Structures are given as C-alpha cells and as structure tokens.
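What follows is a set of notes on a single structure, which appears directly below.
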Amino acid sequence: MQAFDPTALRGDLASARFEPGPTDDKLILSMGPQHPSTHGVLRIMLELDGEYILRAEPVLGYIHRMHEWMAEQKTYMQFMPNMGRVDYLHAMAWNWAYAGAVERLMGVEVPKRAEYIRVAVTELNRISSHLLWWGAYLLDLGAFTPIMYAFDDREIILDILQAVTGSRLTYSYFTIGGVYGDVPADFASRCLAFTRHLRSRLPMYRDLVTDNVILRGRCEDIGVMDVELARRYGATGPCIRGSGAPVDTRRAEPYGVYNRFDFRIPAYTEGDAMARYMVRMDELVTSCDIIDQAVQGLPEGPIQAKVGKTVKPPKGEACYAVEGARGKIIIHVRSDGGPKPYRVKLRAPGFSNLSVFCDLARGTLLADAVSILGSLDLVIPEIDR
Amino acid sequence: MNLEQLLSLDYPLTRLVIGLLCIFAFVGLNGLVLVWVERKVAGHCQLRPGPLHVGPHGLLQPLVDAVKLIGKQLVAPFGSDKALFWLAPLLAFAPVTVCMLPLPWGPDMAMIPMNTGLVLILAFSGLGVLSLILAGWGSNNKWGLLGAARSVAQSVAYEVPLLLSVMAVAITAGSLDLFQISAQQGGWPWQWYGVKNPLAFFIFLVCAVAETNRAPFDLPEAESELTAGFHTEYSGMGFGLFFLAEYANMIIVSGVAAALFLGGWQGPFLPGVWWFLVKIYCILFFIIWLRWTYPRVRFDQLLNLSWKWLTPLALLDLALAVIVAGFGG
Amino acid sequence: MSVSQLIEEAYTGLKSLVIGLGVTGKALTQPGVTVLYPMEEVERDNLVTYRGHVELIGKDEDPAVPRCVACGACVKACPSNCITILCPVAAKEGEEAGPVKMGPAPQKGSKTPGEFIVDFSLCSLCGQCAKTCPVDSLQFSDNPYMVSFDRKDFRIDLLARLRRMARDEAVAGE
C-alpha cells in the first residue's frame, strides 16, 4: 500500500484554477463546503492577500438533487411536494409558483377563498423566512442571542401554519386549482394576534440589533451594489430593493389577488448590506399589513376549483412568477399533453443573487465577505435545486 | 536547614509549590464553574434554561464535558509541526499560573507578595499571545494562520491602552504593588479608583475583553469567519487547555480590575477573600453578558478603536492622573 | 470631522450598546420560553394538528375493518412509492387452488386489502394518497413521536394498527 502523501493532493476542478504559481504568495483558501457561515454546502474559493480578497468564486453543486429532472418523471401533482424542498424557508412561494404555472397552462380559475388563504399563508411564511434570515445573519456577524428571539416569534407562525397545513417547514399545501385543506375556524384571529405581537416586538429588534453601533459598522457601506450591477446580474427581491429599485412582483405583475391589497414596497437607495437588512425588516411590517387585510377579508366559498382526478394540461407552455422571500421565483412548465410535464424550469432568485457576490467581495476583508454573503440571504438547496 | 523550616510557609520554595498547587486547583475548579455560569447566562439571555440535566441545574455538566474532552483522541494534522503544535496549549496555560501568583486575595493572602506584582502580570500576560501564534502556525491550517495573525495585531494594539490605564492608577496610588494599591482604596464604592477615575476603568475593561479574546473582540477564533481560528485543528484536551486558559485569563484580568479599580478585598461585613471573589465574579458576569449581546467587530474597526480612541484617551487620562498626583502629593 | 461630531458619534454608539445590554438583561430576568421536552410536552391542541404518517379509517359499523376497497389509487398517486397494498390473487381457471398468493392491488374480485404497508422512511407527508382515496379511507395520524433504532420499524402495517386502535378504543369505551 502506498503511503498517503498530502503534498500530492492537487485539488479539484474548482481549485485548479486557483493554483498559485511558483512565485505567487497569495493565499488560496477554500471556504466551505463545510463552513459555519456558508449556510449549508456552498463553497467559495478565495484568493487572499493578507485578509483582503482578490478573487472570490462560488462553487456550486454540493446539494444538487435534480428537481427539474424529477419533475419529468412524476405526474403534475406528484411533483408538488418537491417544491417545499427546493427552498425550505419559503416553501409556500414555490408551491404557489408551480401551482400557478400549471393552472395557467390549464386555464383553471382559482376560487376566491383559496386565493385569500394562499396570500395569508405565503405572507406568514415570508415573515418566518425573514425572521430566520435575521437570526442567521446575526450569527454570521457573531451575535448569538437574536436568533433565539427570532425563533421565539417564528414558533408562533409555525404553530399557525401547522394548524393549517400539518407540517412545520416543508409545506406541500397548494393543489392545482386551490389549497389542500380549509383553514381552521380560529385562523383569522390567530393571524391577527400574531401580527399584533410581531409589531410589538419590532422595537426590541431595533434596540438590540438595528441601532447597535457594532452592527452598523459591520453593515454600512459593505458590499455596495448599485442598481445597474444588480440589474446586470438579475438580482431580485430585497437585494435590488436595497439598491433603490422598488421592483416587486407582487406590485409589478400582480398574481393571485395581490392587486386588491394596499401595501408599501420598502426600498432603500444605499445598496449596502444595511440597506438590504432594512428592506427585510420593513418587509416584516409589509407582510403583517397584507396578512391583516387578507384574513379580515377572507371570503366564504369553495377552496378547490374543479380539476379532473388526473391533471392533464393541454399541449403548450406557461410561465408564472412569484415574489419569494429571496426574490423573483419563475417556474416555466411545458406540457406535451401527457400526465407528466415535458419540462419544468425553476428560476431560483438565490442563484442570481449569489452571482453578484464575486463582484461585491472583490477588495473587501474576509469578515466583510461573510457579512455580504449573509446579507444576500442565500438558501443553498434553492440555488443548486 | 531542618524539615520544620522547609515546611514553613515562610520558605519561598515551599510557598511557591503550595501556591502553584492552589492555583491549579483554583483555575481548574473555576474553569468548570465559569463554563457553567457562561452557559447559564447565555441560556437565560436567550429565554432558555441552559444546561439542566446533569446534576442540580446542570451544575455537573462542565465536569462531564471535561471528562469527554479528556477521553478524546489527540489528533495532529498532516504537515503540522508536531512540537510547536503540542507546545502551544501548554504555553497558553503556563503564563496563567505565574500571573495568578501576585493577586491580592485578602489583606494577608497572596501566593507570593511582591512589590512589582503589576509588572509581573503585565509582562506574563503578553506571553499568552505567543501560544496563539504557535498554535496557528504549527497546525498547518490556513484558518489557524489567519487567526494567529489576527491575534498578534490585536494583542499589540490593546496592550498599549491597557498599560496606560494601569499606569494612571499606579501613579495615583504611587505603587506597583497590588496590595498597596488595594489597601489605599476603601471598602465603599466612592473610595474606589474605578469611581474616582472611571475613564481608566472603562479603558481597562475594554482592553481586558480584547486581551482575553472575548466577544465582541473574539477575532482570533471568530467561528463564523475563521471556523475556529487558531484552535481549528485541536481536539480533545488540546482544545480543552485553550478553553481553560481563556477562562483563567478572564479570572486574572477580573482580579486585576478588582484590585486596581474596585478596592480589592476591602468591603464591609464579609472577610476580605469573599469580597474579592464577589468583585471578580461581578466583572466576569459583565464580560459574559457582553458576549451574549453584541455582534463581533471587524478587524480594522478593532484596531481603529484601539489606536484612535482608547490610546489617546488613555494618554489623556494618564496626563490628568500625573497632574492630580503632582498637585496632590 | 469636528470634535463635537466625534463626541456625539461616540455618545450615540455607547448609548446603543447600553440599550442592547438592557434588552438581554431584561431577558435574563424573564422565565424561559422553551418546553423541556421529556418533562413537559407542548399543549395537546398543538399536537393534534400535526401530520404524522397516514393511517386507515375504519368503517362506521366496524372500526377494525378499513373502508379501503383496495383500488390502488393511493399507490399510484404517491410520489415516493411508499404504499404497498397486497391482495389475494384470484386463482386462474384450471389451476389448482394452492396456497393463497398475494399480489399488488388492485386484484380482480378482491375488495379488501390483505396487507396495507406504508414505508414511512420514504414518505414526504404530502397527502396525495388521502386526497385521491375514493372512499376517504386514509387520513393523517397525529403521532409526532416516531422514534426507532431500526429502519424496519418505519414500515408500518396499517391494518394491524387499525385493529389495535379499534381494540384500544373498545377497551376505553367500556
């Protein structure tokens, strides 16, 4: 048996491009795929000069699960549970995007009650996603306590959503033409109580974190993304809203019944990590407003449109865009008339948002790179799909 | 020299041996207690109970953790400098024992009373950073190397204002002996140097947190940036010794702070040593509380804070102390 | 930057730090919010909404016999192929009636399942099976505590489970 020689290791395809020359004194660092602040299995190749980053390149594919291929092997309804696993933090938006695409393909009219329920659960899910991001971002910055406070509040949402859907994280609640089950009788009152509770907690969040001088030092003027850069990379969601462009699919191309609600799209012009942070904090309030209006105006009626036992859309293709917690989710479905989709394309917002990272991280410190990475709010399973 | 003389506490070598034994016992025990306090404070800050199941209120949890750490295999990574790699945790622990010697536990309680105790502590506490460098360098790990580089810059930057703030008190007291400095303060808060010279106390506290690598200045380990910094590659008791040294360092800086700024052992009703312990634990609690509240600062901000704020302020404070002492004396 | 600005900056910074300490300090004095699991449990009305593995529903007249008609719709609907229904295979004409062979549902002439097994380790709890069932014979159980050392324990025999539950209920009713 040959002795193991660590110097013979040449690295993989991604690190080969970072191999230093004989006189090169740069530090080549592989950050991840097991690193506390890459949130799962993202790997970033870094070329460092001291602690300054000269080049950063994300390496993907460590949690690629072939969701798009799986769609081609399953019937239309059988693919639905996969949507909760693509982005486990905002599963409802992915549910909606897929259900919406198939409904558009089939020309199904969703009952009003189902539409309102969809809005309420999606916005609740958005709040839970933002709260988790808030805690995890502060973990990246070295504060341990906020995530516990965020989880304390998030738990209430999970309880409400569990009463509605039966699960706590990977929801598979939407069906083609409606929702899986009706909401319990006390849904509206619980939602209203929660939004009241969350609004009363926001001042504490501000005192503990947002106003904190250390946090401001770590976020302000870090990773400044101007709107042109964001547009070039196709960054969406809070990332581009933090760069001064109030682009929101809920307003720009209203789906469902979003055009019936009155809500504000928060936008900040600074474009730095703090602006993205502030956008998400403001979106908590926006989502609370939408939930209030949705559960107060919840109409009576059926929750499921008439759809055949086997979903068989006619030949053709359809595209549906939804505003997820991380940005614009687009699902493109093509049907050949059979019981299984011919092709399903998932457009994950996180992929575009991550692409900006190479540009943002250049010339910053290693600690800033962690802060920027956190402020982009990445969910790696969604990026790899 | 007869046996009686050798066993007497007045004989320096006997005193040193007994003192070191006491220090090891004290550091070991306090390390365990502090781990428990840290986790309890963290838990209650975060609305959860903290360790609960082993022993009453989880009091024995650190002991079980220590047993687990001792039982773990010691692994040295490929390409590491084995000698430096294993020397580092021992070296982290060595200065701690020396720094404990001159602490004034009570009016007549010290391992080795000396008139330059403050100088000894400051000199040996600077040695601790050497172990971090060796650990980072010896483990042949890039994260460890970055952590080591950070620790050098950090400790150099914060040694300066720390020294200056201590100097201000030493000049006011006119002594470098921790006993004399403590004795010159009274038992009541308004007689303490911490109240008479709050600026020096504040600077000392900030520098103490930075010197002991505690959050929000825990940059050499910064687990969300450098995975674990200088002790990334350490397992078992190698890590355990670094851990213990960190808590021992906290006890030392708290002890120095209590002696310099909070009147040392002096206080009403209770015997001296208890007051000293109470004061140490108050400061320790404050340091732990800081850790569970704030995010971590960035490296350049850390250095900026030291060179642009603390050092000038400490110089100003020193000048004021000199003037007051000059006119007063 | 003027000196007054610097001082103001330092003041607001220090103030924010003190306020932050106040927030965690307040939490330090409050009771915790966690449920200490082995000693305590979350409230019952929170547990009943939980989706456990699927279970069969018994007939109204006999709770030990499932409503299931062994049509195999749930088997087809399941995205992860975790349901197995076996029915006795009808003996072909001319063959001798040997030992009963079991085959996957649906089988001609068989209107009750001979075996109904759910492999919970594959299940993603999507509920497609319960949704497709023509006779509403499937529902989610409210059993959140599925713990085992053995993977085989997650192959749940639903018929046995239904009989057990019916017996327990009968005992409780007496």
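The values are calculated or read from the model by the stated rules, or taken from the named source; none is laboratory data. Since we're looking at a predicted model, the values are computed, not measured. A quick note on method: Cβ atoms are made from the backbone with ideal geometry, for glycine too, and the neighbour counts reach across all protein chains shown. When the accessible area is computed, the model is the full protein with side chains, heavy atoms only, and any ligands, DNA or RNA have been set aside. Shrake-Rupley method; radii C 1.70, N 1.55, O 1.52, S 1.80 Å.
Mind checking the mean number of beta-carbon atoms from other chains within 10 Å of the Cβ atoms in A:166-173?
Per residue, the average neighbour count from other chains is 4.
Shape call for the range A:178-305 from the C-alpha gyration tensor, a ≥ b ≥ c root eigenvalues: rounded (a/c under 1.5), prolate (a/b greater than b/c) or oblate?
Note, shape of the range A:178-305 comes out oblate.
I want to check the label-to-label distance for C:D136 and A:Q34. Put each point 7 Å from Cα in the C-beta direction and report it in nm to one decimal.
Inter-label distance under the simple model: 5.1 nm.
Report the chymotrypsin sites (Phe, Trp or Tyr not before Pro) located in the range B:1-80 that are in a DSSP loop and have at most 10 other Cβ atoms inside 10 Å of their Cβ, or state none.
Counting only loop positions with at most 10 other Cβ atoms within 10 Å, the chymotrypsin sites (Phe, Trp or Tyr not before Pro) in the range B:1-80 are B:F78.
Multiplying the sequence separation of C:V147 and C:S80 by 0.36 nm and subtracting their Cα-Cα distance, what value in nm do you get?
22.0 nm
For B:V54 and C:M39, what does the FRET efficiency come to when R0 = 25 Å and r is the distance between their Cβ atoms, rounded to the nearest 0.05?
0.95
Could you sort the residues of the range B:281-326 by number and keep only those whose accessible area is reduced by 30 Å² or more in the all-protein-chain setting relative to the chain alone, 1.4 Å probe?
B:W289, B:W292, B:T293, B:Y294, B:P295, B:R296, B:R298, B:Q301, B:W309
Ignoring ligands, DNA and RNA, what percent of the 1.4 Å accessible area of chain B is carbon and sulfur?
In chain B, the share of accessible area belonging to carbon and sulfur is 74 percent.
Quick one: which bits of the range A:200-220 get at least 50 Å² less accessible when the partner protein chains are in, versus the chain alone, with a 1.4 Å probe?
A:D207, A:L208, A:N212, A:V213, A:I214, A:R218
What relative contact order, as a whole-number percentage, does the range B:220-329 give when Cα pairs under 8 Å and 6 or more residues apart are counted?
It rounds to 14 percent for the range B:220-329.
Rg and Dmax of the protein assembly as shown over Cα atoms: what are they, in angstrom?
Over the protein assembly as shown's Cα set, Rg and Dmax evaluate to 32.7, 124 Å.
To the nearest 10 degrees, how steeply does helix A:145-165 sit against the main Cα axis of chain A, on a 0 to 90 scale?
Orientation of helix A:145-165: about 30 degrees from the principal axis.
If each DSSP helix of 4+ residues adds -39,500 (n - 2.57) and the sum is divided by the residues in chain B, what number results at 222 nm, nearest 500 deg cm²/dmol?
Value at 222 nm, helices only: -22000 deg cm²/dmol.
Enter the angle in degrees (range 0 to 90, nearest 10) between the Cα long axis of helix C:3-29 and the first principal axis of the Cα atoms of chain C, meaning the one along which they spread out most.
40
Chains A and B: how much accessible area gets covered up at their contact, both sides added, probe 1.4 Å, in Å² to the nearest hundred?
Using a 1.4 Å probe on protein heavy atoms, the buried area is about 2700 Å².
What per residue convex hull volume, in Å³, comes out for chain A when only alpha-carbon positions are used?
Hull volume over Cα atoms, normalised by residue count, gives 161 Å³.
Looking at the range A:284-372, which GluC sites (Glu not before Pro) are DSSP coil and have at most 11 other C-beta atoms within 10 Å of their C-beta?
Here the GluC sites (Glu not before Pro) that fit, given the DSSP loop and packing criteria, are A:E300.
To the nearest 0.05, what FRET efficiency results for B:K308 and A:D25 with a Förster distance of 45 Å applied to their C-beta separation?
It comes out at approximately 0.90.
What is the percent carbon and sulfur in the accessible area of chain A, measuring with a 1.4 Å probe over the protein chains and ignoring ligands?
That fraction is 54 percent.
I want to verify the translational diffusion coefficient of the range B:135-196 in µm²/s; compute it with Stokes-Einstein, Rh as the Kirkwood radius over Cα pairs, at 20 °C and 1.002 mPa s.
Rounded, D is 149 µm²/s.
What percent does the relative contact order of the range A:95-236 come to when contacts are Cα pairs within less than 8 Å and at least six residues apart?
Relative contact order of the range A:95-236: 24 percent.
Whole angstrom only: what separates the Cα centroid of the range A:116-170 from the Cα centroid of the range B:57-81?
35
Which of the three applies to the range A:301-353, rounded, prolate or oblate, going by the alpha-carbon gyration tensor with a ≥ b ≥ c and a/c under 1.5 meaning rounded?
oblate
If each residue of separation counts as 0.36 nm, what is the full-extension length gain between B:I171 and B:T97 once their alpha-carbon separation is subtracted?
Length gained, B:I171 through B:T97: 24.0 nm.
Can you tell me the Rg and the Dmax, both Å, for the Cα atoms in the range B:198-329?
17.4, 56
Assuming R0 = 56 Å, what is the FRET efficiency of A:K309 and C:V18, from their Cβ-Cβ distance, to the nearest 0.05?
0.30
How many nm is it between the label spots at B:T14 and C:A166, if each spot is 7 Å from the Cα in line with the beta carbon?
So the label points at B:T14 and C:A166 sit 8.8 nm apart.
So, for the range B:77-328, what is the accessible surface per residue at a probe of 1.4 Å, expressed in square angstrom?
37
Measuring from label point to label point, each 7 Å out along Cα→Cβ, what is the C:V3 to A:E68 span in nm?
Taking the simple label geometry, C:V3 and A:E68 are separated by 6.5 nm.
Can you give me the long-range amide H partners of A:R43? Hydrogens built in the peptide plane at 1.01 Å from N, cutoff under 5 Å, separation of 5 or more residues or another chain.
Those lying under 5 Å, H to H, from A:R43 are A:V59.
Please identify, among B:R15, B:R39, B:R291, the residue showing maximal mean-square fluctuation in a Gaussian network model of chain B using a 10 angstrom Cα cutoff.
Highest fluctuation among the options: B:R15.
Determine the distance separating the Cα centre of the range B:277-292 from the Cα centre of the range A:357-385; give it in Å without decimals.
Taking the Cα centre of each part, the range B:277-292 and the range A:357-385 sit 35 Å apart.
By how many degrees, between 0 and 90 and to the nearest 10, does the Cα long axis of helix A:187-205 differ from the longest principal axis of chain A?
Helix A:187-205 sits roughly 30 degrees off the main axis of chain A.
With the contact rule set at Cα under 8 Å and sequence spacing of 6 or more, what percent relative contact order holds for the range C:44-173?
Reported relative contact order: 37 percent.
Give the Cα extents of chain B along the principal axes, in whole Å, largest first.
For chain B, the Cα extents along the three principal axes come out at 61, 57, 44 Å.
Calculate one ³J(HN,Hα) per residue across the range A:369-385 by plugging θ = phi - 60° into the Karplus curve 6.51 cos²θ - 1.76 cosθ + 1.60, and present them in order as whole Hz with x for glycine and proline.
Coupling constants for the range A:369-385: 4, 5, 5, 5, 4, x, 6, 7, 6, 9, 10, 5, x, 6, 6, 7, 6 Hz.
Counting protein heavy atoms only and a 1.4 angstrom probe, how many square angstrom of accessible surface do chains A and C bury in total, to the nearest 100?
For chain A against chain C, roughly 2100 Å² becomes buried.
Rounded to the nearest 10 Å², what accessible area does C:Y11 have for a 1.4 Å probe in the complete protein model?
Estimated to the nearest 10 Å², C:Y11 gives 140 Å².
What are the extents of the Cα atoms of the range C:44-173 along their three principal axes, in Å, largest first?
58, 36, 31
Please check the range A:116-164 for residues whose accessible area, probe 1.4 Å, is lower by 40 Å² or more when all protein chains are in place than in their chain alone.
A:G142, A:F144, A:T145, A:M148, A:Y149, A:D152, A:Q162
Solvent-accessible area of B:K142, probe 1.4 Å, all protein chains present, reported in Å² to the nearest ten, please.
90
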